[in-house]
1. Filter the stretch 68-81 down to the residues that are over 14 Å from residue 15 (Cβ atoms) and touching a residue at least 24 places away in the same chain (Cβ under 8 Å), then identify the one that is surrounded by the most Cβ atoms within 10 Å (Cβ to Cβ).
2. Answer yes or no as to whether residue 41 is in a helix (DSSP H, G or I), out of contact with any Phe, Trp or Tyr (no Cβ under 7 Å at 6 or more places or on another chain), among the hydroxyl-bearing types (Ser, Thr, Tyr) and surrounded by 12 or more Cβ atoms within 10 Å (Cβ to Cβ).
3. Determine which single condition residue 54 fails, assuming it passes every other condition in (1) closer than 17 Å to residue 74 by Cβ; (2) out of contact with any helix residue (DSSP H, G or I) (no Cβ under 7 Å at 6 or more places or on another chain); (3) not hydroxyl-bearing (Ser, Thr, Tyr).
Amino acid sequence: MSNRSKLKSLIMDTFLLDESEFRFDLSRSEVGSWDSLGVVTIAIGVEEVFGYHFTPDEASRLRGVADIIAVLTEKGISFDE
């Protein structure tokens, strides 16, 4: 499974989104359950799936799926599948 697919599954499972609701440009403001607890849940999921632990500063800057990809890409995790 590609990293893009893994992240998509993580986001969809965490926020109970349907396939039609997910986009890679999805923002936090578009998902009602993506609150501070949602950020923590995503951070835990990213650590489990990708082996990377967000710093508190990084976690506070996660405003959407693109931000998650940007941080992970900076850390050497590729999303260019």
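The values are calculated or read from the model by the stated rules, or taken from the named source; none is laboratory data. Fair warning: this is a prediction, and the values are worked out from it, not measured in the lab. FYI the Cβ positions are ideal-geometry reconstructions off the backbone, even for glycines, and counts take in every protein chain you see.
1. Of the residues in the stretch 68-81, the ones over 14 Å from residue 15 (Cβ atoms) are 69-81.
Keeping just the survivors that are touching a residue at least 24 places away in the same chain (Cβ under 8 Å) gives 69, 72, 77-79, 81.
Working: 69: 16, 72: 19, 77: 16, 78: 10, 79: 15, 81: 8.
If we take residues in the stretch 68-81 being over 14 Å from residue 15 (Cβ atoms) and touching a residue at least 24 places away in the same chain (Cβ under 8 Å), then 72 is surrounded by the most Cβ atoms within 10 Å (Cβ to Cβ).
2. Judged against the criteria, residue 41 is a match.
3. So residue 54 meets the others, but not (2).
Condition check ((1) modelled with pLDDT of 95 or more; (2) part of a helix (DSSP H, G or I); (3) surrounded by 11 or more Cβ atoms within 10 Å (Cβ to Cβ)) across all residues:
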{"residue": "14", "(1), (2), (3)": "yes, yes, yes"}
{"residue": "24", "(1), (2), (3)": "yes, no, yes"}
{"residue": "37", "(1), (2), (3)": "no, yes, no"}
{"residue": "57", "(1), (2), (3)": "no, yes, no"}
{"residue": "62", "(1), (2), (3)": "no, no, yes"}
{"residue": "66", "(1), (2), (3)": "yes, yes, yes"}
